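The values are calculated or read from the model by the stated rules, or taken from the named source; none is laboratory data. In this text the structure is predicted, and so the values were computed from the model without any measurement. So basically every Cβ, Gly included, is an ideal-geometry build from the backbone, and we count neighbours across all protein chains shown. Each accessible area value is taken on the protein alone, full model and side chains, heavy atoms only, with ligands, DNA and RNA left out. Shrake-Rupley method; radii C 1.70, N 1.55, O 1.52, S 1.80 Å.
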Amino acid sequence: MSENQQHTLDPNKWIDLHSDYLFNYTITRVDNEELAKDIVQETFFSGLKAMQNFRGQAAERTWLISILKRKIIDHYRKINSNKGKAEVRINFYEEGGRKGSWIEERVPRTWDNEAEKDIENVELKQTLEKCIQNLPEKYRTVFLLKNVQQYETEEICNELGITASNLWVIIHRARQQLRKCMEDNWFAK
Amino acid sequence: MSNKLFITCDEATTICTKNQYKEASFWEKIRLNIHLLTCKICGLYSKQNTKLSEVCDKHLLKKDCDYKLSEKDKEVLKKKLAEADK
(Lines give C-alpha, C1' and ligand atoms only; values in the text may rest on other atoms or scores of the structure.)
Protein backbone atom coordinates (compact mmCIF):
# COMPACT_ATOMS: atom_id res chain seq x y z
CA MET A 1 0.00 0.00 0.00
CA SER A 2 1.21 3.52 -0.72
CA GLU A 3 1.89 6.11 1.96
CA ASN A 4 -1.46 7.71 1.25
CA GLN A 5 -4.07 6.57 3.66
CA GLN A 6 -6.27 3.95 2.06
CA HIS A 7 -9.85 4.04 3.35
CA THR A 8 -11.87 0.91 3.88
CA LEU A 9 -15.56 0.11 4.21
CA ASP A 10 -17.11 -1.76 7.09
CA PRO A 11 -20.89 -2.13 6.56
CA ASN A 12 -21.34 -3.72 9.98
CA LYS A 13 -20.52 -0.41 11.59
CA TRP A 14 -22.36 1.85 9.16
CA ILE A 15 -25.50 2.26 11.22
CA ASP A 16 -23.67 3.08 14.44
CA LEU A 17 -21.16 5.39 12.82
CA HIS A 18 -23.12 7.19 10.14
CA SER A 19 -26.89 6.71 10.34
CA ASP A 20 -27.53 9.78 12.53
CA TYR A 21 -25.40 11.97 10.34
CA LEU A 22 -27.07 10.80 7.12
CA PHE A 23 -30.52 11.09 8.69
CA ASN A 24 -29.88 14.64 9.86
CA TYR A 25 -28.49 15.58 6.46
CA THR A 26 -31.55 14.15 4.73
CA ILE A 27 -34.30 15.45 6.98
CA THR A 28 -33.13 19.03 6.65
CA ARG A 29 -33.49 18.60 2.90
CA VAL A 30 -36.68 16.62 2.46
CA ASP A 31 -38.63 17.84 5.50
CA ASN A 32 -40.30 14.51 6.20
CA GLU A 33 -39.12 12.05 8.80
CA GLU A 34 -40.46 8.83 7.27
CA LEU A 35 -39.19 9.75 3.85
CA ALA A 36 -35.79 10.64 5.30
CA LYS A 37 -35.60 7.20 6.94
CA ASP A 38 -36.41 5.53 3.63
CA ILE A 39 -33.78 7.52 1.78
CA VAL A 40 -31.13 6.70 4.39
CA GLN A 41 -32.04 3.01 4.16
CA GLU A 42 -31.82 3.07 0.35
CA THR A 43 -28.45 4.77 0.63
CA PHE A 44 -27.07 1.95 2.79
CA PHE A 45 -28.50 -0.66 0.41
CA SER A 46 -26.98 1.06 -2.60
CA GLY A 47 -23.72 1.33 -0.69
CA LEU A 48 -23.68 -2.43 -0.10
CA LYS A 49 -24.31 -3.10 -3.77
CA ALA A 50 -21.66 -0.65 -4.88
CA MET A 51 -18.95 -1.72 -2.44
CA GLN A 52 -16.75 -3.23 -5.14
CA ASN A 53 -16.59 0.20 -6.82
CA PHE A 54 -15.12 1.80 -3.72
CA ARG A 55 -11.52 2.74 -4.42
CA GLY A 56 -10.53 3.79 -0.94
CA GLN A 57 -9.81 7.37 -1.97
CA ALA A 58 -12.59 8.95 0.06
CA ALA A 59 -13.50 8.41 3.66
CA GLU A 60 -16.38 6.02 4.25
CA ARG A 61 -18.78 8.78 5.28
CA THR A 62 -17.89 11.00 2.31
CA TRP A 63 -18.54 8.07 0.02
CA LEU A 64 -21.92 7.37 1.62
CA ILE A 65 -22.87 11.06 1.42
CA SER A 66 -22.16 11.09 -2.31
CA ILE A 67 -24.61 8.20 -2.71
CA LEU A 68 -27.12 9.95 -0.47
CA LYS A 69 -26.92 13.16 -2.51
CA ARG A 70 -27.83 11.23 -5.64
CA LYS A 71 -30.80 9.68 -3.84
CA ILE A 72 -32.01 13.13 -2.83
CA ILE A 73 -31.71 14.41 -6.40
CA ASP A 74 -33.72 11.37 -7.57
CA HIS A 75 -36.35 12.18 -5.00
CA TYR A 76 -36.53 15.77 -6.23
CA ARG A 77 -36.93 14.61 -9.79
CA LYS A 78 -39.78 12.31 -8.78
CA ILE A 79 -41.80 14.84 -6.82
CA ASN A 80 -41.26 17.46 -9.46
CA SER A 81 -42.43 15.47 -12.44
CA ASN A 82 -45.97 15.86 -13.77
CA LYS A 83 -46.46 19.14 -12.01
CA GLY A 84 -46.28 22.72 -13.20
CA LYS A 85 -46.69 22.52 -16.93
CA ALA A 86 -46.67 26.30 -17.11
CA GLU A 87 -44.40 27.83 -19.70
CA VAL A 88 -41.73 30.30 -18.76
CA ARG A 89 -42.58 33.69 -20.18
CA ILE A 90 -39.94 35.48 -22.12
CA ASN A 91 -38.88 38.91 -20.83
CA PHE A 92 -36.49 39.96 -23.57
CA TYR A 93 -36.76 40.37 -27.33
CA GLU A 94 -35.35 37.23 -28.90
CA GLU A 95 -34.52 38.61 -32.33
CA GLY A 96 -34.28 41.77 -34.41
CA GLY A 97 -32.55 45.05 -33.64
CA ARG A 98 -33.74 45.02 -30.04
CA LYS A 99 -32.57 41.48 -29.32
CA GLY A 100 -31.76 41.10 -25.62
CA SER A 101 -33.62 44.26 -24.55
CA TRP A 102 -36.57 44.28 -22.16
CA ILE A 103 -40.03 43.74 -23.64
CA GLU A 104 -41.98 46.81 -22.43
CA GLU A 105 -44.79 45.06 -20.60
CA ARG A 106 -42.33 42.73 -18.83
CA VAL A 107 -40.25 45.53 -17.33
CA PRO A 108 -40.03 45.32 -13.51
CA ARG A 109 -42.37 47.61 -11.59
CA THR A 110 -41.34 49.57 -8.52
CA TRP A 111 -42.07 47.64 -5.34
CA ASP A 112 -43.93 48.88 -2.32
CA ASN A 113 -41.45 49.92 0.38
CA GLU A 114 -43.53 48.58 3.23
CA ALA A 115 -43.90 45.16 1.59
CA GLU A 116 -40.13 45.06 1.06
CA LYS A 117 -39.41 45.60 4.73
CA ASP A 118 -41.68 42.86 6.00
CA ILE A 119 -39.40 39.96 5.14
CA GLU A 120 -40.21 37.76 8.16
CA ASN A 121 -43.90 37.56 7.28
CA VAL A 122 -45.39 34.04 7.23
CA GLU A 123 -47.70 34.89 4.33
CA LEU A 124 -44.66 36.01 2.37
CA LYS A 125 -43.23 32.54 2.85
CA GLN A 126 -46.47 30.98 1.58
CA THR A 127 -46.50 33.27 -1.44
CA LEU A 128 -42.90 32.33 -2.21
CA GLU A 129 -43.68 28.62 -1.96
CA LYS A 130 -46.69 29.01 -4.23
CA CYS A 131 -44.64 30.88 -6.81
CA ILE A 132 -41.98 28.16 -6.73
CA GLN A 133 -44.68 25.51 -7.22
CA ASN A 134 -45.82 27.38 -10.33
CA LEU A 135 -42.42 27.10 -11.99
CA PRO A 136 -42.12 24.54 -14.78
CA GLU A 137 -40.62 21.27 -13.56
CA LYS A 138 -37.09 21.58 -14.88
CA TYR A 139 -36.76 25.15 -13.64
CA ARG A 140 -38.11 24.30 -10.22
CA THR A 141 -35.79 21.30 -9.80
CA VAL A 142 -32.65 23.21 -10.70
CA PHE A 143 -33.66 26.23 -8.66
CA LEU A 144 -34.36 24.13 -5.55
CA LEU A 145 -31.16 22.12 -5.90
CA LYS A 146 -29.21 25.35 -6.06
CA ASN A 147 -31.11 27.40 -3.47
CA VAL A 148 -32.38 24.93 -0.91
CA GLN A 149 -29.99 22.02 -1.24
CA GLN A 150 -27.08 24.33 -2.00
CA TYR A 151 -25.50 21.86 -4.36
CA GLU A 152 -22.44 23.04 -6.24
CA THR A 153 -23.04 24.11 -9.84
CA GLU A 154 -20.80 21.28 -11.00
CA GLU A 155 -22.71 18.65 -9.01
CA ILE A 156 -26.05 19.70 -10.51
CA CYS A 157 -24.59 19.76 -14.03
CA ASN A 158 -23.13 16.28 -13.64
CA GLU A 159 -26.29 14.77 -12.19
CA LEU A 160 -28.70 16.36 -14.66
CA GLY A 161 -26.39 16.16 -17.67
CA ILE A 162 -26.44 19.87 -18.50
CA THR A 163 -23.67 22.40 -19.08
CA ALA A 164 -22.90 25.28 -16.72
CA SER A 165 -24.20 27.87 -19.18
CA ASN A 166 -27.37 25.80 -19.51
CA LEU A 167 -27.76 25.84 -15.77
CA TRP A 168 -27.41 29.62 -15.59
CA VAL A 169 -29.99 30.16 -18.32
CA ILE A 170 -32.40 27.91 -16.38
CA ILE A 171 -31.77 29.65 -13.07
CA HIS A 172 -31.94 33.07 -14.73
CA ARG A 173 -35.35 32.24 -16.22
CA ALA A 174 -36.61 30.61 -13.05
CA ARG A 175 -35.71 33.69 -11.04
CA GLN A 176 -37.23 36.05 -13.59
CA GLN A 177 -40.48 34.13 -13.32
CA LEU A 178 -40.22 34.07 -9.55
CA ARG A 179 -39.51 37.78 -9.38
CA LYS A 180 -42.56 38.53 -11.52
CA CYS A 181 -44.78 36.20 -9.48
CA MET A 182 -43.61 37.75 -6.20
CA GLU A 183 -44.15 41.21 -7.67
CA ASP A 184 -47.71 40.42 -8.73
CA ASN A 185 -48.65 38.62 -5.52
CA TRP A 186 -46.70 40.42 -2.87
CA PHE A 187 -44.36 43.31 -3.56
CA ALA A 188 -46.51 45.41 -5.89
CA LYS A 189 -49.95 43.89 -5.78
CA MET B 1 -20.48 34.67 -23.03
CA SER B 2 -18.55 36.84 -25.50
CA ASN B 3 -15.78 39.24 -24.59
CA LYS B 4 -17.51 42.43 -25.63
CA LEU B 5 -17.70 45.29 -23.17
CA PHE B 6 -21.30 46.24 -23.82
CA ILE B 7 -23.94 43.64 -23.18
CA THR B 8 -27.71 43.34 -23.56
CA CYS B 9 -30.22 43.49 -20.72
CA ASP B 10 -30.75 39.75 -21.07
CA GLU B 11 -27.02 39.12 -20.60
CA ALA B 12 -26.73 41.69 -17.80
CA THR B 13 -29.55 40.13 -15.78
CA THR B 14 -28.07 36.65 -16.30
CA ILE B 15 -24.77 37.85 -14.81
CA CYS B 16 -26.72 39.57 -12.04
CA THR B 17 -28.25 36.20 -11.17
CA LYS B 18 -24.89 34.42 -11.27
CA ASN B 19 -23.62 37.09 -8.95
CA GLN B 20 -26.38 36.27 -6.44
CA TYR B 21 -24.58 32.96 -5.95
CA LYS B 22 -21.13 34.63 -6.00
CA GLU B 23 -20.30 32.78 -9.20
CA ALA B 24 -19.90 35.66 -11.66
CA SER B 25 -16.34 36.09 -12.93
CA PHE B 26 -14.33 39.29 -12.54
CA TRP B 27 -14.98 40.34 -16.17
CA GLU B 28 -18.63 39.51 -15.95
CA LYS B 29 -18.94 41.81 -12.96
CA ILE B 30 -17.16 44.61 -14.85
CA ARG B 31 -19.53 44.23 -17.80
CA LEU B 32 -22.53 44.12 -15.50
CA ASN B 33 -21.45 47.31 -13.74
CA ILE B 34 -20.86 49.14 -17.02
CA HIS B 35 -24.33 48.10 -18.13
CA LEU B 36 -25.88 49.20 -14.85
CA LEU B 37 -24.38 52.70 -15.27
CA THR B 38 -26.66 53.31 -18.21
CA CYS B 39 -29.65 51.02 -17.69
CA LYS B 40 -32.15 51.98 -15.00
CA ILE B 41 -34.41 49.01 -15.69
CA CYS B 42 -31.65 46.49 -15.05
CA GLY B 43 -30.64 48.53 -12.00
CA LEU B 44 -34.14 48.04 -10.60
CA TYR B 45 -34.12 44.38 -11.59
CA SER B 46 -30.77 43.92 -9.90
CA LYS B 47 -32.02 45.47 -6.67
CA GLN B 48 -35.13 43.28 -6.70
CA ASN B 49 -33.09 40.19 -7.55
CA THR B 50 -31.01 40.79 -4.42
CA LYS B 51 -34.21 41.19 -2.41
CA LEU B 52 -35.42 37.89 -3.85
CA SER B 53 -32.23 36.18 -2.67
CA GLU B 54 -32.76 37.65 0.78
CA VAL B 55 -36.33 36.33 0.91
CA CYS B 56 -35.24 32.89 -0.35
CA ASP B 57 -32.39 32.66 2.17
CA LYS B 58 -34.76 33.65 4.93
CA HIS B 59 -37.55 31.23 4.08
CA LEU B 60 -36.07 28.35 2.10
CA LEU B 61 -32.77 27.53 3.78
CA LYS B 62 -32.95 24.89 6.42
CA LYS B 63 -31.49 25.72 9.77
CA ASP B 64 -28.93 23.46 11.38
CA CYS B 65 -30.64 20.88 13.51
CA ASP B 66 -29.64 17.80 15.35
CA TYR B 67 -31.99 15.01 14.35
CA LYS B 68 -31.23 11.49 15.44
CA LEU B 69 -32.66 8.11 14.60
CA SER B 70 -34.21 6.25 17.51
CA GLU B 71 -32.44 3.12 18.79
CA LYS B 72 -35.42 1.12 17.58
CA ASP B 73 -35.09 2.53 14.07
CA LYS B 74 -31.41 1.67 14.11
CA GLU B 75 -32.07 -1.92 15.13
CA VAL B 76 -34.60 -2.32 12.31
CA LEU B 77 -32.14 -0.82 9.86
CA LYS B 78 -29.33 -3.11 11.07
CA LYS B 79 -31.50 -6.19 10.58
CA LYS B 80 -32.53 -5.14 7.08
CA LEU B 81 -28.97 -4.37 6.14
CA ALA B 82 -27.71 -7.70 7.48
CA GLU B 83 -30.34 -9.51 5.43
CA ALA B 84 -29.44 -7.59 2.31
CA ASP B 85 -25.79 -8.46 2.87
CA LYS B 86 -26.40 -12.22 2.84
For chain B, which fully contained helices (runs of 4 or more DSSP H) count at least 1 residues that are open to solvent by less than 80 Å² (accessible area, probe 1.4 Å) and at pLDDT 95 or above?
B:9-20, B:26-38, B:40-60
For the stretch A:113-189, which fully contained helices (runs of 4 or more DSSP H) count at least 3 residues that are within 10 Å of chain B (Cβ to nearest Cβ) and in contact (Cβ under 8 Å) with a residue 12 or more places away in the chain?
A:122-133, A:137-147, A:164-182
Tally the residues that are closer than 19 Å to B:Asp66 by Cα and open to solvent by 30 Å² or more (accessible area, probe 1.4 Å), restricting the search to the stretch A:63-72.
1
Yes or no: the stretch A:114-126 includes at least one residue that is within 29 Å of B:Glu11 (Cα to Cα) and among the polar types (S, T, N, Q).
no
So for the stretch A:64-84 (the condition being over 14 Å from the mean Cα position of the chain (by Cα), in a loop (DSSP other than H, G, I, E, B) and of a type in the set (Val, Ile, Thr)), does at least one residue qualify?
no
Of (1) within 18 Å of the chain's Cα centre (by Cα); (2) within 14 Å of chain B (Cβ to nearest Cβ); (3) at pLDDT 90 or above, A:Asp31 fails just (3)
Please count how many residues of the stretch A:2-57 are open to solvent by 40 Å² or more (accessible area, probe 1.4 Å), hydrophobic (A, V, I, L, M, F, W, C) and free of Cβ contacts under 8 Å to residues at least 24 places away in the same chain.
1
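Quick check: anything in the stretch B:40-51 free of Cβ contacts under 8 Å to residues at least 24 places away in the same chain and among the β-branched types (Val, Ile, Thr)?
No: zero hits.
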Is it true that some residue in the stretch A:94-110 is surrounded by fewer than 18 Cβ atoms within 10 Å (Cβ to Cβ), facing chain B (nearest Cβ under 9 Å) and hydrophobic (A, V, I, L, M, F, W, C)?
yes
For the stretch A:5-43, which residues satisfy the criterion of being charged (D, E, K, R) and part of a helix (DSSP H, G or I)?
A:Lys13, A:Asp16, A:Asp20, A:Arg29, A:Glu33, A:Glu34, A:Lys37, A:Asp38, A:Glu42
Testing A:Ile90 on (1) open to solvent by 60 Å² or more (accessible area, probe 1.4 Å); (2) touching a helix residue (DSSP H, G or I) at 6+ places or on another chain (Cβ under 6 Å), one condition comes back false. Which one is that?
(2)
Within the stretch A:111-128, can you find the residues that are open to solvent by 70 Å² or more (accessible area, probe 1.4 Å) and among the hydrophobic types (A, V, I, L, M, F, W, C)?
A:Val122
